[in-house]
Structure formats: structure tokens, C-alpha cells
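Right, one structure below, let's go through it.
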Amino acid sequence: MAVQLPDAAAKYAEGTQFIGGRARPGTSGRRQPVIDPASGKPVLEYELAGPADVDDAVAAAEGALPQWATATPADRSEALYRLTSALREMSPDLVAAESAQCGKPVRLCEEFDVPGSIDNAAFFAGAARRLDGMAAAEYSPDHTSSVRREPLGVVGSIAPWNYPLQMAAWKILPAIAAGNTVVLKPSELTPLTALMFAEAAREAGLPDGVVNIVTGAGPDVGEHLAGHPGLAMISFTGSTPVGRRVARRATEGGKRLHLELGGKAPFVVFDDADLEATVHGAVAGALINSGQDCTAATRAYVQRPLYEAFVAGVADLMASLTVGDPADPATDLGPLVSHRHRDRVAAFVDRARAHATVVTGGRVPGGDLAAGAYYPPTLITGAAQDSEIVQQEVFGPVLTVLPFDTDDEGLALANDTPYGLAASVWSRDVYRTGRATRELRAGCVWVNDHIPIISEMPHGGYRASGYGKDMSAYSFEEYTQVKHVMSDNTAVARKEWHRTVFAL
């Protein structure tokens, strides 16, 4: 049996909106199931939020803002350390909920999603005490200048379904560490761990209204949140087309905007690379979270001397993986998030057959997996650089491999999409990798690896992959307002510069 959250109906009997420190039902009048994609069976059915719930959540966040924004960095830090402890204590339930709503293998939840989110909380608990500005100094002979970092106000955040817990952490933690309050809209498909995150914040003693969750659909709740006049900022993670709609709504009101959008990460293999390392790196980088990762390796460019051996090695390794029950620790890949998304991925591959070769995978499985939203690891070769399968984000367990001859050609092909979120380069030659890290247009470039992230380092993209950073102290650039304070040192009533306005 697939992992399911115990007593989900009882746990969320009061509702799946978390506003002003308490759970409550939505007001849209529409019901939404949370489906276990491994079995196709419902985990929970709940009432979606409506625009009125967004208004209430923003009001709660506004009410909590004065107290939270003026708390000392030490006080906010201590609250976040308590939050870290609360999340750690609920780790088993977080694993069960994340697996049940997403179909993630428990191994991925236990070793990546949950500990990564807890580490992120611990990092921001420390970082909350280092909201540094520029030290006081005299840049003008008659004045002392200093720089303050101040919270923006109420932040509206919209998170996707692929990493519900981690995205809640990435959105909420830097915002509240900097003294803001938050209204988060998780995906209506996967709301459970975002709600649990808010419950942990309440248990940790964060003031009511600092963290609010509205679980609703994008066209009404997401749109209303993005355009809400009570917000100072919108932070969105999701697809590039939806991100552009959010940007239009946000900029109409002059809000600050942070976007982490789609990706089509290249995986560039030079001819001196370690073949075994590249094969394992490509399969792991392409298939993490069943490929539902905007930084996943999706386009492998392999220099021709290694091309055939690389394709054969990847095909063999993909075929050896276990696709199945997420509750089984031996499972390597679980299902995709929904049958609808599975069908979307399958359609990409089916259209590619007209001009490319599906080396392995590429068929919706039957038998014991037929009831779930499963799709096998899939390897494609022979596609053209300008084809859909190479240029568009598939967001599934699909890797396309293309050959190249010269280093110049490989790097040019890697940069030849609208996206720029992540990339990797594989070589034993530090000068080759050094050149690639300079020339690859992506917010993160890995060398001889693909996927690892750490709380201390920033995550964000270039070009159609958005702008702004999650994680790390760099994220405070998104969530704080820089203020210049300039103090006169002369005690002179008539300043020399006044001559520009009137004669002394």
C-alpha cells in the first residue's frame, strides 16, 4: 500500500485554511480532493479558499506585522529555532504527508525533502541575527551615513506542487526572518505539509498572523493574492507562463516581485569526463522526484567520443531502476503528481517519436502500476535542437541526449533555450570547466555533479527562469528594504548647499 497520512479527515476537520493562528474551512463553496497518485484514491477532500479568505489572511498578516517587524533579530531568531525543533519533532508525519499527497518515495522524503526543510529553518534562525547594513561612516564631510535593512510588510507567496514542504520553507523562512509576515498559497493539489508547517509555527510560539495559509485555486485565489493592495511583495515559484501572469498582476500595483520559474537544465559532458560518473549523474539528475524538478537534467549534450557509451550506460541504468510503491524503501521512482500530469508527459514523448528515437521507457505502464500516475524513466536520442522535446519543459522522467563536436558547439547548444535556471558541466580539465561556469547562462552551475543544493547558497535563475534568490543570506535582498539614513554633523543652521536654492 502507498503511504497515506493517518486520520487526514480528522486532522483537518476544522478546515484547510490557516489564518490568524487557527484552522478554518474555505469559503469558495467548491470541494477539492487530495489524491494519492500512487493509487488514485483520495487522501482528503476539503473546501477551497475563495477571495474572501485571502482578504482575511492579508488582514491577519497586517495585524501581526507591527509586533513581528519590531521584534529584535534575537527574538525572531529564537522563534525560528523553536520552529526548527517543532518541525524536527513532526518529521515522521511530514514524511507520510509529503509521500501521500505527491507520490514521492519515502526514501526521498526522509533523506531530502524533510531534512532539507529543517536545515533551511535552522539556517534562517541563525541568519535572522545578521540583517546587516553598511556601517556608519562619513561619505560627506558634514554628514554620517548608515544603511538600515527593514522588512517590506506583508508578503504574498505562491508555491508549486512538486516540493510542497521545501517550497513552503523557501517562501516563508527568509520573509519572516527579515521581519515580514506571510500569506502563502500552496498548490491545491498538495496542501498538507504547508499546513503542517504553519501548525509548527504556532507550536513554536510565533505570533498569530505571522504565517497564514490559503489553499485555493490559481485563477481566483492566486490571482486575487497577486493583485491584493495589502501586499508589499509577491513571490512566485511555478511555470514561466503562469509566472508572467502573476507578474502582470503584481506590477499593476507596484509590488516587489520575486519569480522562480521553469527550467530546461543542460548537462554538458566533455570528452575527458569520467564516463561512469556522468552516467550515474545524468540518471540521478534527470530522475529525482520523477523528473518533476525545475533544475533536473533534461538535455544531455555529450561530446562525440563519449556519446555512444554514454547513451548505452544511461539506458542500462534507467532500465534497472525500480518504479513502484512509494512506501517501499526499495522504490527508486514513484508516480507523477497526477494522472493529468502523467498524460501531459506521455504526450510530449509520443509527439517526439515522429522525429526522434525512444531508447528506453516511453510507455505508460500497466499491471500493478496501472491505477497510479506512473511513467517510466525515458531516454530519447536523435531529436533536433529546435524540437519541442529539447526546447520545452516536460517536467517528468525524460532525458534527451544530443551529440556535439567542439567545446564551442557544446556550450552554444547548452545556452540555446529561453531558460537559465541550472546547468552542469563534466570534465577532468579545470580550464574547460572554468570556461563553462563563466559562459553557461544559468543561476546555478554544477561541476561534475547535478542537483545538490545547500541552505547557505542562493537558488534562482536567469532569463525566462525568473529573477531573485531563494535560500541563503542573498534572499534577504528580496525580502528587505534598504534605507539610507544621513545625519548632519555640523549643527549649522545655514548649510553651504542651501546656496543652490537661495543666496546666503
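Key figures for this structure:
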| read-out | value |
| --- | --- |
| Distance (nanometres) between label positions extended 7 Å along Cα→Cβ at residue 89 and residue 251 | 4.6 |
| Exposure proxy order (Cβ contacts within 10 Å, fewest to most) of 389, 234, 213 | 389, 234, 213 |
| 5 angstrom amide H check on residue 404, placed H, neighbours 5+ away | 302, 303, 304 |
| Label-reachable residues, the stretch 461-504, where backbone N falls under 16 Å from a point 7 Å from residue 132's Cα toward its Cβ | 472-477 |
| Label point at residue 75 placed 7 Å out along Cα→Cβ; residues across the stretch 167-207 whose backbone nitrogen lies under 15 Å | 177-181, 205-207 |
| Order of 421, 275 under a 10 Å beta carbon neighbour criterion, fewest first | 275, 421 |
| Set of the stretch 51-65 residues, backbone N closer than 19 Å to the point 7 Å along the Cα-Cβ line of residue 481 | 58-65 |
| Pairwise label distance in nanometres, residue 140 with residue 438, each label 7 Å out on the Cα-Cβ vector | 4.1 |
| Binned Cα-Cα distances of the chain, short to long, each 10 Å bin given as a whole percent | 4, 19, 27, 24, 15, 7, 2, 1, 0, 0 |
| Mean separation of Cα contacts under 8 Å (6+ apart) over length of the stretch 265-447, as relative contact order % | 30 |
| Built amide H within the under 5 Å cut-off of residue 380, gap 5+ | 359, 399, 400, 401 |
| Label-point separation, residue 371 to residue 274 (7 Å along Cα→Cβ), nm | 4.3 |
| Residues residue 148 and residue 284, FRET efficiency given R0 of 51 Å [Cβ-Cβ distance, rounded to 0.05] | 0.70 |
| ³J(HN,Hα), Karplus 6.51/-1.76/1.60, whole Hz, each residue of the stretch 28-41, x for Gly, Pro | 6, x, 10, 9, 9, x, 9, 9, 6, x, 6, 10, x, 9 |
| Least to most buried among 236, 476 (fewest other Cβ within 10 Å first) | 476, 236 |
| Full-extension gain in nm, residue 45 to residue 500, via 0.36 nm per residue minus C-alpha separation | 156.9 nm |
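We did not get these values from a lab; they are worked out from the coordinates using the rules stated. Model, not experiment: these values are computed from the prediction. For neighbour counting, all protein chains shown are included, and Cβ atoms are generated from backbone atoms with ideal geometry for every residue, glycine included.
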